[in-house]
Structures are given as structure tokens and as C-alpha cells.
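The values are calculated or read from the model by the stated rules, or taken from the named source; none is laboratory data. Not measured: the values here are computed from a predicted model. Cβ atoms come from the backbone with ideal geometry, glycine included; neighbour counts cover every protein chain shown.
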Amino acid sequence: MNTSEPPLVYDPATGRSDVFSGERLYATVTSACHVIGMADGIIPETAARVCRAIETWLGERAEVTRSDIRRRTSEQLAIMSAEAGYMLDNKNAIM
Amino acid sequence: MTTHESFALLVLAAAIHASFQLSVSMLTILSGHALSAKTANTRLLGLSISFASGVASMIALSLALISLLLANIFYSSVPRIVWAAVCGLMVGVGVAIWTYYYRHQSRGTILWLPRGFARYLSERTKKTSTRQESFGLGLVSVIAEYLFCLAPLIVGGLILQNLTPPLQILGLTLYVAIAVLPLVVIIMLLGSGHSLAVIQKWRETNKRFLQFAAGSALVILGGYIYVSMVIAAGSQGNL
């Protein structure tokens, strides 16, 4: 496996695989932090830490599913804010 | 049925209606999306109040329509066979709530809705940016849950039809006020700075209790109405 290439993210709902986007992950984590009313000053650092952890984890894999990333990201985010991690994990499980 | 008894049953029917979760889920998504987009608190409050107003308006319109239809179909009194059919509907809906109101072994608060429709509602909710859209979304959320909320609405309509006009207005207002109470509580909690995560976590923790309570209350209400309006009326010789 060539670890310099970003891994593919498979979406079972659409059956398509897209290249992993760090910017998109950062935006998702930032949104989850805003939802729970986290102070603006610590959101960039929190999001950057979570993204670094996810990119390290992805380095060992060629392809992952969207739910793998969501689960892993919410676990990492929950270390810093349990509420934000919970909201991210349940983003698509409200209705 | 005495006035006190009518109001007691109306309150129970409204409480059952209040336990349905589609409008609450949509309000949670609406608030969550607005918060993630860093929407100002006053704007979020406006969107939420418009949504709750839409829900209240549709409940009031539905209840008034059902009551009007029943009053026009059955001029003097509702036949026992209609009460019996409504009791059957309530027991059936109660059992349906026990069985599949929340999806089995699902995380979060995933409802019975077909997934395609739920995704559409969720996307539509996230795109809502004006108060008018939010009001319309509130109207739709009640219609989308007619499958379950028609049972308490029909009971409410039957009860209202037996009251005098001033008491009908009071009863209608009481029903709507109780049915939208969960939305009002959520709006107040969010407005006073509570986290959406705490509200959603509470919903998830208590979803099985709410499901059991709503189903049981419908079955009990159906049983009570069957005894008081079908069996007791039959023993008194009424049709």
C-alpha cells in the first residue's frame, strides 16, 4: 500500500468511494463543537487534534467506510468533549 | 359523559399526542443545524417559535376539521358503532407504537419512518433558513405523523363534539397547548443555554419508556372509552 496517497472512503448508502478529505473532516468536527456551544477559542485546537488523530489512524488503511470514520472521530472528539462526541456520533440518528 | 370526564379524556389524548416524537426530532435537527452554522440566538429562537407555531396551527386545524366533520355526519349523538371503531383504532395504534415506533436495535432516536422519507425531511429541515419555511415545516411534521396522531385527534374530535361551543374552544386550546408542550420545553431549555446534546441524550435514554407509555395510554384510553361509551351506553339501551 502506498501510504502517501489519501485513503478511499466508501459510502454504503450510495455505493461510491471518494478520496478522504481532511478539510471536510475539520468542518464536521467544528460543526459538532458549535452545536454544543463550545467556546470559539478552543474549537480550532480541538478540531485540529481530532483531525491529526484520524489522519494517523487512516495512515494504516487503504479504504474505510464513512461510518468507520464517524465512529472513530466521535471517539476522539469525546476525549475532549463527551457532548460533542455524542452529537457527532448521533448526527444521523435523530429522526 | 360529564364535562369533567370529557376534559380528563381530552387531556389524556393530548398527552398521548405530546409523546409523539417526529416534531421534536425535526426541531432538534433544526436547532442543531442552526447552532452548527453559528446562527444568532435570536434567529434560532425565531425559527424554533415559528416551527412550534406551525405544529400548533396544524394540530388545531386537524382537530377542528375532525370535530366539524363528526358534527356534520352525526347531528345528535355519535352511534356506538363509531365509538367501538375508534376504540379498535386506538388499540391497534397502541400496539403499533409498542411494536415499531422506534426502530429495533437502532442507536439514537431513529423513528419508524421509511429511511428515504426521513432523509428527505432531515435535508429539508437543514435547508430551512426563514421563519416562513420553518412554519411550513411545523405544519408538515404533524401531517407526516398522521399515521399515529390521528387516533388521539379523532378521540379529541369526538369529545369536543359533545361539548358546548365555549367549552369546545377551551378544549381545543387545552389540547393544542398540551400537544406542543414538549416543543415549548425544548425551546425554553435551548434559550436558557442548555446543550442540545443533553436534550438528545435524555430523549435517547427515555425513548423506550415514552414508547411504552404512549402505546399503553392509547390502549387504556381505548378500553375506557369502550366500557363507558359502548358497553355502558348499550346497557342503558342507547344505540
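Worth a mention:
- Wholly enclosed strands (runs of 3 or more DSSP E) of the range A:1-82 bearing at least 1 residues surrounded by 16 or more Cβ atoms within 10 Å (Cβ to Cβ): A:8-11, A:63-65
- Only one of the numbered conditions (1) in contact with a Gly (Cβ under 6 Å, 6 or more places away or on another chain); (2) outside any helix (DSSP H, G or I); (3) not acidic (Asp, Glu) is violated by B:Ser67, and that is (2).
- Failed condition for B:Lys38, given (1) assigned to a helix (DSSP H, G or I); (2) surrounded by fewer than 17 Cβ atoms within 10 Å (Cβ to Cβ); (3) in contact with a His (Cβ under 9 Å, 6 or more places away or on another chain): (1)
- B:Ala151 within 14 Å of another protein chain (Cβ to nearest Cβ) and of a type in the set (A, V, I, L, M, F, W, C): no
- Residues (without any contact (Cβ under 8 Å) to a residue 24 or more places away in the chain, of a type in the set (Ser, Thr, Tyr) and touching a helix residue (DSSP H, G or I) at 6+ places or on another chain (Cβ under 9 Å)) located in the range B:26-45: B:Ser36, B:Thr39
- Looking only at the range A:5-29, residues that are under 15 Å from A:Arg72 (Cβ atoms), in contact (Cβ under 8 Å) with a residue 40 or more places away in the chain and hydroxyl-bearing (Ser, Thr, Tyr) come to 2 in all.
- Qualifying residue in the range B:180-191 (condition: within 14 Å of chain A (Cβ to nearest Cβ), at pLDDT below 95 and either under 20 Å from B:Gly94 (Cα atoms) or not in a helix (DSSP H, G or I) (or both)): no
- For the range B:87-97, the condition holds for at least one residue, the condition being that it is over 24 Å from A:Leu88 (Cβ atoms), away from chain A (no Cβ under 13 Å), small (Gly, Ala, Ser) and crowded, with 17+ Cβ neighbours inside 10 Å.
- The residues of the range A:1-35 that are within 17 Å of A:Asn92 (Cβ to Cβ) and among the β-branched types (Val, Ile, Thr), listed by number, are A:Val9, A:Thr14, A:Thr28, A:Val29, A:Val35.
- Residue list for the range A:65-95, filter: of a type in the set (A, V, I, L, M, F, W, C), within 9 Å of the chain's Cα centre (by Cα) and within 14 Å of another protein chain (Cβ to nearest Cβ): A:Leu77, A:Leu88
- Residues in the range A:23-46 include none that are over 19 Å from B:Lys38 (Cβ atoms) and either within 11 Å of another protein chain (Cβ to nearest Cβ) or at pLDDT 90 or above (or both).
- When residues of the range B:200-223 are limited to those that are among the small types (Gly, Ala, Ser) and buried (at least 19 other Cβ atoms within 10 Å of the Cβ), the one nearest to the chain's Cα centre (by Cα): B:Ala214
- Of the criteria (1) touching a Gly at 6+ places or on another chain (Cβ under 8 Å); (2) crowded, with 16+ Cβ neighbours inside 10 Å, which one B:Ala233 fails: (1)
- Of the candidates B:Ala179, B:Ala197, the single residue that is under 30 Å from B:Ala37 (Cβ atoms), touching a His at 6+ places or on another chain (Cβ under 8 Å) and crowded, with 20+ Cβ neighbours inside 10 Å is B:Ala179.
- Per the listing B:Ser48, B:Ser23, B:Ser57, B:Ser62, the residue uniquely within 14 Å of another protein chain (Cβ to nearest Cβ) and either among the charged types (D, E, K, R) or touching a residue at least 12 places away in the same chain (Cβ under 8 Å) (or both) is B:Ser23.
- Scanning the range A:47-64 for residues that are out of contact with any helix residue (DSSP H, G or I) (no Cβ under 9 Å at 6 or more places or on another chain) and either within 14 Å of another protein chain (Cβ to nearest Cβ) or closer than 18 Å to A:Ser17 by Cα (or both) yields a total of 4.
- Whichever residue in the range B:127-148 is charged (D, E, K, R) and farther than 13 Å from B:Gln21 by Cα and, among such residues, is farthest from the other protein chains (Cβ to nearest Cβ): B:Arg131
- A Cβ distance below 6 Å, combined with a sequence gap of six or more or placement on separate chains, defines the contacts here; from the range B:102-126, residues that are more than 7 Å from chain A (Cβ to nearest Cβ) and surrounded by 15 or more Cβ atoms within 10 Å (Cβ to Cβ) reach residues that are hydroxyl-bearing (Ser, Thr, Tyr) and outside any helix (DSSP H, G or I) in the pairs B:Trp112/B:Tyr101.
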